[in-house]
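Beneath this line is the structure, given in structure tokens, with notes to follow.
The values are calculated or read from the model by the stated rules, or taken from the named source; none is laboratory data. Because the structure is predicted, anything quoted here is derived from the model rather than measured. Cβ placement follows ideal geometry from the backbone for every residue including glycine, while neighbour counts extend to all protein chains displayed.
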Amino acid sequence: MDRLLTGLQPSGCLTIGNYSGGIKQVINYQANYETFLFVPDMHATTVTQDPDELRKNIKSAVGLYLACGVDVTRPNMHLYIQSENLYHANLSWILECHSYYGEMARMHQFKEKSKLHENFTCGLVTYPVLMAADILLYDAKYVPTGIDQKQHVELARNLAIRFNNRYKDEFFVVPEPLLPTIGAKIRDLQEPTKKMSKSTTNPKSAIFLLDNEKDIRKKIMSAQTDSEARVAFDEENKPGVSNLLSIYSVFSGMSIEELVEKFSGGGYGDLKKALAEVLVEKLTAIQDNYSKIMQSGIIDDALDAGRDYTNAIAKEKYEKVRRAVGYGR
Ligand code: ATP
Ligand code: LTN
């Protein structure tokens, strides 16, 4: 079985964007691949985190993965926490010494996030290398993500190729990003030219998987659209309405064509009301599962098993790489 790997930062409550680019894809692919799904808690500290809040978010993220349908009873599903495996940071250091400052400084996400902080950390610059280590440690062939992470997966590809060439062996599998056809970039509800982000400062911009019914309806009804009052899918000229259609498609399984057909006669109000209904139904079901899961012992059992399994694989890969670069005796 080929390997598939992804992670979602526990930097806040997961959004419907994280569901679309990350979790939903894992659920769709979990029967077909050996799946490595982890919580990149070390990535979250590239910006300041409150330690208690971070620990709560880690457990909540795992609870949400399971509540959405990630099936940890499958023997090919491995769920784990990044910081419980020391090889991620160790491999990251080796890869940092094979990466160039220029290529790090060119990363879109770094350019955007560094603008938000007057004094950003070195971790914010080198974060994509840690991500490459996460992927390359396990020889993952496929990396499901949203469009914002595509460039980082490309860096992981380049580092794999660079390392294999320099040390003249197939040390790493060269990974490929997997983007959903619809919903690779769910947009901010208030500023639809931007992507929806869980660490937004405007709570009306994002729908969180744990939002209550009233908030979901309010946020959808107040989403920015345009003055044309014509339901059509045109991401460039009608980003707000196209975003609503994408979200609808992600959560209903209906195609964009079917949705445009269904809503083309009406105004944006009808589309918004129907979308709010779909989201309330889906998210309430996830939240019911979530409450049960958080009270059970299933999370810790799955994380223990995942930690042990992935540490063994990572150790073997790291030792091979460490020897190749000449470290130790
Ligand atoms: P932060 O605001 O802390 O940067 P984020 O909401 O951007 O977080 P990440 O943890 O960086 O989310 O991303 C987790 C996964 O969700 C990644 O695969 C990412 O590509 C995907 N993702 C994030 N936002 C969106 C979005 N708006 N649309 C589709 N996929 C998304
Ligand atoms: N960088 C990603 C989270 C992440 C990840 C990974 C995703 C860390 N390591 C490995 C896929 C594969 C993010 O911020 N969304």
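The table that follows gives values for the structure above.
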| read-out | value |
| --- | --- |
| Close pairs from the stretch 182-210: first within 11 Å of ligand 1 (Cβ to nearest atom), partner part of a strand (DSSP E or B) and hydroxyl-bearing (Ser, Thr, Tyr), Cβ under 9 Å, at least 6 apart | 186/15; 196/15; 197/15; 198/15; 200/15; 206/15; 207/15; 208/15 |
| Some residue of the stretch 106-126 being within 20 Å of residue 18 (Cα to Cα), out of contact with any helix residue (DSSP H, G or I) (no Cβ under 8 Å at 6 or more places or on another chain) and more than 14 Å from ligand 1 (Cβ to nearest atom) | no |
| Selection from the stretch 194-228 of residues that are within 16 Å of ligand 2 (Cβ to nearest atom) and among the acidic types (Asp, Glu) | none |
| Residue match in the stretch 138-153 (condition: in a strand (DSSP E or B) and more than 10 Å from ligand 1 (Cβ to nearest atom)) | yes |
| Which listed residue, of 306, 240, 269, is surrounded by fewer than 17 Cβ atoms within 10 Å (Cβ to Cβ) and not aliphatic (A, V, I, L, M) | 269 |
| Per-region count, the stretch 142-163, residues hydroxyl-bearing (Ser, Thr, Tyr) and in contact with a Ser or Thr (Cβ under 8 Å, 6 or more places away or on another chain) | 1 |
| Check on residue 163, of a type in the set (A, V, I, L, M, F, W, C), touching a helix residue (DSSP H, G or I) at 6+ places or on another chain (Cβ under 9 Å), more than 10 Å from ligand 2 (Cβ to nearest atom) and in contact (Cβ under 8 Å) with a residue 60 or more places away in the chain | yes |
| Residue identified as closer than 25 Å to residue 203 by Cβ, out of contact with any Pro (no Cβ under 6 Å at 6 or more places or on another chain), away from ligand 1 (no atom under 14 Å from the Cβ) and not charged (D, E, K, R) among 40, 51 | 51 |
| Residue within the stretch 240-254 that is at positive phi and either among the polar types (S, T, N, Q) or free of Cβ contacts under 8 Å to residues at least 12 places away in the same chain (or both) present | yes |
| Any chance residue 172 is in a loop (DSSP other than H, G, I, E, B) and either at pLDDT below 95 or surrounded by 16 or more Cβ atoms within 10 Å (Cβ to Cβ) (or both) | yes |
| Boolean, residue 62 is among the β-branched types (Val, Ile, Thr) and either farther than 19 Å from residue 291 by Cα or more than 16 Å from ligand 1 (Cβ to nearest atom) (or both) | no |
| Residue pairs meeting the criteria (Cβ under 7 Å; at least 6 apart or on separate chains; first at pLDDT 90 or above, in the stretch 113-124; second of a type in the set (Gly, Ala, Ser) and part of a helix (DSSP H, G or I)) | 120/114; 124/114 |
| Condition met for residue 150 (more than 12 Å from ligand 2 (Cβ to nearest atom) and under 22 Å from the mean Cα position of the chain (by Cα)) | no |
| Wholly enclosed helices (runs of 4 or more DSSP H) of the stretch 233-329 bearing at least 2 residues polar (S, T, N, Q) and modelled with pLDDT of 95 or more | 239-252, 268-295, 298-325 |
| Wholly within the stretch 1-120, helices (runs of 4 or more DSSP H) carrying at least 3 residues that are surrounded by fewer than 23 Cβ atoms within 10 Å (Cβ to Cβ) and either away from ligand 2 (no atom under 11 Å from the Cβ) or over 14 Å from the mean Cα position of the chain (by Cα) (or both) | 24-29, 51-68, 87-96, 101-105, 108-115 |
| Inter-residue pairs, beta-carbon under 9 Å, first on the phi > 0 side of the Ramachandran plot and in the stretch 9-29, second of a type in the set (D, E, K, R), 6+ apart | 12/53; 12/198 |
| Subset of the stretch 304-320 [farther than 22 Å from residue 163 by Cα and either in contact with a Lys or Arg (Cβ under 9 Å, 6 or more places away or on another chain) or of a type in the set (Lys, Arg) (or both)] | 307 |
| Count of the stretch 15-29 residues which are under 10 Å from residue 206 (Cβ atoms) and of a type in the set (A, V, I, L, M, F, W, C) | 1 |
